[in-house]
Each structure stands twice: as C-alpha cells, then as structure tokens.
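Worksheet for the structure shown next.
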Amino acid sequence: MSDLSLETRTQGPPSSVIRRVADIILQGHLPFIHTLGLHLGNWWYYDDSWEPVNGFGRFEKSFWAQIKKKCPNLRALMLEGFMEDIEEPWMDDSGILEVPDITSLFIHISGSHSQLLPIRKHLQHISSLAHSLHTLNLKPDGGENLSPSNILESDFPYLRSLSLASFSEIHTSQAMAFWERHPSIEYLDIAWEQLGRDRWFAPVVPSNLLPKLLHLKACWNDALLLAPILDRLLSLSIHDSVNAQIPYLLRSVCLDGLPKLKSLHIGQADKSTRRNRDIEGSLWYESEDGVFHRTVIKGSRTVFNGFMHSIVRAAPNLEEIGFSGALSKLPNFIQIAGDLNGFICLKRLYHYDDYITPESGIIDIRDKRDIFASEVRNLAEAVPGLVSITNMATRGLPYMAARITRGEDGEVIGVQVGNGYGMKIGHEDDAFPSHPRY
C-alpha cells in the first residue's frame, strides 16, 4: 500500500513505488511470489491542493508481457486505486488480463465515469480467464450504468469468491441463473449505496441456493430476499438499512437468529422520512421481554435507540461488530455497554466518527488521537472483552485503530493508537481490508 508524496513526485528524476517494484520484478529478484498486490492511495493522483496530477500510477505494457516469465508462480493480481490517464490512456492496452493462469483477480479502478471506460473492455475479456479463476473482485468507483452482464453470462467452474460492488443495471433472471450455475461460491459482495436499483435475487429464493455461502455483503433489500439462507453465514455486512431494519431482519424474519455468525457490519442511514411507514422493518422494535412492536415514532433511530439487545439475541456469538453510515461516536456505546457484554465472544469493534464538532469544526489529528485513546479506554473498561477498536471514518486506508492491553484480571493497562484496517472475518486473504462508508 502506498501514497506518493509531493517530494517524491517532484524530485529529479521522479520516482515511485510502482516503478521500483517493476524494476525489481523485471530484474528477476522476485521469482517465487504468487501474489502481486498494490493499493494506491489518494495522493497518487492529486497534489496537496487536490488538483489532478497525471502521469503516475501505471504499469507499462512491457511489464505485463514479461511478468509471468519473471514470476512463474504468480497466480493472484490485486490492483486497487489505479486510474486511467485521460490525457495519455494506458489501461486499454495494458495487458493486465493477458497474464496467463491467474486464479485470483482483484481490480478496483478509481476515477470519474469517463475514466472507467477501460473496465468495459476488461469485462468483455474476463471470460478468457474464467477457466482458472476462483476469486474475482471488480469494483469501479462511480460505476453507474455499468452492467455485469458479461460476468453473469460466463461460467467459472472453480469460483469461490465473487465481488461485484458498484455495478448497476442488474437483470434479476440473469443473476439468478448465474447463482444456480455457481454453487461453489463461499464469499459474495454485491453491496452498493444506490437505493432503488434492480435486485440481484428473485422475490422467492430457494433454500438450497448458494449452498456453500459463508460470507455476504449486500444492501438490505437483497439481504432480506436471502433470509432463507442467512443462517449458514459466518460474516454478514448489510448496507443502506434504515432505522431498525437490520434487527428486524435478524429477529423477526430469521426467527431462529444467526447463531453461526461471527462478524456483523451494520450500515445504517441516520434518517427517515414521512414515507417511513411504508419501509419494511424501519419502525420495528423489540421490547426487553421479547415482544415485537411497531413504533409510532417516524424520526431517525440508530443503534443507540433500544435495539442492540435484539442483535445480541439474534447473533450472540459475534467476535466483531462494525457500524457505518450514521455517526457512531464511542461515548454513545457506553450507554449500550450492557448489551455489548451480551456478546460472549466479542473482541473487535469498528465505528464511524469524523470528530467534527459544531463548536470547533475539524479537530487536529494529534488531538483526535488523544481523544480517541481516552474514549477507547472508557469503553474498554465498560466492555472487558474488547481487544481493539477501529474508527473507519478516514478518507482512505489506513484507519485509526487502538489496541487494548489488559492485565490478568482483565483491567485496562494500556491503549496504543496506530493504524488499522477493516473487519477481519471473511477477509483473511486481504492484506488491507476496507469497508464502505454507507
């Protein structure tokens, strides 16, 4: 993972991690690697004033033509944050998809709609790799009107992990036929922040669909359709929920809960509207005695408004839990510490707090780290099982994270603030896991 500083960009001659990595590989110094992964940060393409900078962040075609010869064991390509250069296009003819015998392909292209044109060509050629791929992860930023039809028309005999976040123009019948042809899928990410889009699943999902699925990221509407098969999951990330829709799904729709679940990410909008009565599950709540009700309050409700106990009852064996979309400030977790202690295995908590106050505006990073450390200590003392807390509110990776050190009796003896990444379960093969902010 790399950013590109202004000093590096302007030195003579200019240098970059990409160029150095390419030189090392082409000189034959890394003959045994099986995975090449590069994550480019924001500063590769923008200067300190957020003005676009061209000419950086690319591998030349000659590199891709030789990489298999220099690295004969190469099986996985993970390229994130790469961007087309509008003035000097390079991705169309880069040869990225011409590397033979790749089993894992991870490409996240950044940029505006016009900079995503190369991925349309790449989608047409994915079928040439289908015979060998077990992992396919494609995410174009700003992928409006970018259809995955080329993928859904193909057959991947060994497919285990599929991520098609940010795609639109989904044809449900085509998607359902794809799921039925690929029962080997264990990990599936189809989350996107655009509400009202077409569905990935039919209104009625057979209970034997995707029989090996263990990890799912999806918008709430798709997660609701998959209710008949959610009980087999180890990790679940639900996006674009409103108010209490997630506890409603886990408790009222999935009546037996999700006892196997170890990881839950709650992506929740912090608002509701007058039409909220027509949104399934948004006004649902469960009283402490286990009775389900419908509230008459149509205003915004977050995880701090009396439904965390429903999450505990539905998924008591969570090892990690995350929150995004609505602000989830650490001091607010103190008031639901009793519920959090109901998770008998909970170790890691992920939240979203931009540390912007009406009084002082954006807080200095050093003050932010001090405040974060203090808030982490307070929550760690209230929830003795926690070993780490991560704030996922930064613009990009890495996140701000705190590791909690405890004594023999569980008391907090230290909090160390440093860099961290996204939730772990389901992302064991990802060196730098991240999570959407919705």
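The values are calculated or read from the model by the stated rules, or taken from the named source; none is laboratory data. Source: prediction; values computed, not measured. As a convention, Cβ positions derive from the backbone with ideal geometry for all residues, glycine included, and neighbour counts pool all protein chains shown. These area figures cover heavy atoms from the full protein model, side chains too; ligands, DNA and RNA do not enter into them. Shrake-Rupley method; radii C 1.70, N 1.55, O 1.52, S 1.80 Å.
Observations on the model:
- Across the protein chains, with a 1.4 Å probe defining accessible surface, the residues 329, 347 rank 347, 329 from largest area downward.
- Amide H contacts under 5 Å for residue 237, placed H, 5+ residues apart: 216, 217, 218, 265
- Here the 3J(HN,Hα) profile of region 312-328, calculated from phi with Karplus coefficients 6.51, -1.76 and 1.60 at θ = phi - 60°, is 4, 5, 7, 9, x, 9, 4, 9, 8, 9, x, 9, 8, x, 6, 4, 10 Hz, Gly and Pro shown as x.
- In order along region 63-73, the Karplus-derived 3J(HN,Hα) couplings, from 6.51 cos²θ - 1.76 cosθ + 1.60 at θ = phi - 60°, round to 5, 5, 5, 10, 5, 5, 5, 7, 10, x, 8 Hz, and Gly and Pro are given as x.
- Set 139/347; 262/424; 217/424; 68/139 screened for pairs whose C-alpha atoms are more than 22 Å apart: 139/347; 68/139
- Exposure check, 1.4 Å probe, all protein chains in place: residue 40 carries approximately 10 Å² of accessible surface.
- Ranking by accessible area, most exposed first, for 370, 429 with a 1.4 Å probe: 429, 370
- Spacing of the modelled spin labels on residue 35 and residue 317, each 7 Å from Cα toward Cβ, amounts to 2.6 nm.
- Within the assembled protein chains, the solvent-accessible surface assigned to residue 199 is about 70 Å², based on a 1.4 Å probe.
- Calculated FRET value between residue 369 and residue 60, using beta carbons and R₀ = 45 Å, to 0.05: 0.70
- Each peptide in 318-328, 202-212 gets a packing score, the mean of other Cβ atoms within 10 Å over its residues, and the list from highest to lowest is 318-328, 202-212.
- Accessible area of residue 192 in the full protein assembly, 1.4 Å probe (Å², nearest 10): 10 Å²
- Cleavage-rule hits, trypsin sites (Lys or Arg not before Pro), region 374-438, DSSP coil, Cβ neighbours within 10 Å at most 10: 395
- Solvent-accessible area per residue for region 143-250 (1.4 angstrom probe, square angstrom): 34 Å²
- Proximity of backbone amide H atoms, modeled 1.01 Å from N, is registered between residue 347 and 320 at under 5 Å, excluding neighbours fewer than 5 places apart on the same chain.
- Karplus-derived 3J(HN,Hα) values for region 126-134, using 6.51 cos²θ - 1.76 cosθ + 1.60 with θ = phi - 60°, are 4, 4, 5, 9, 4, 5, 10, 6, 10 Hz; glycine and proline are entered as x.
- The Stokes-Einstein estimate for region 378-420, based on a Kirkwood radius over Cα pairs and taken at 4 °C with 1.567 mPa s viscosity, is a diffusion coefficient of 118 µm²/s.
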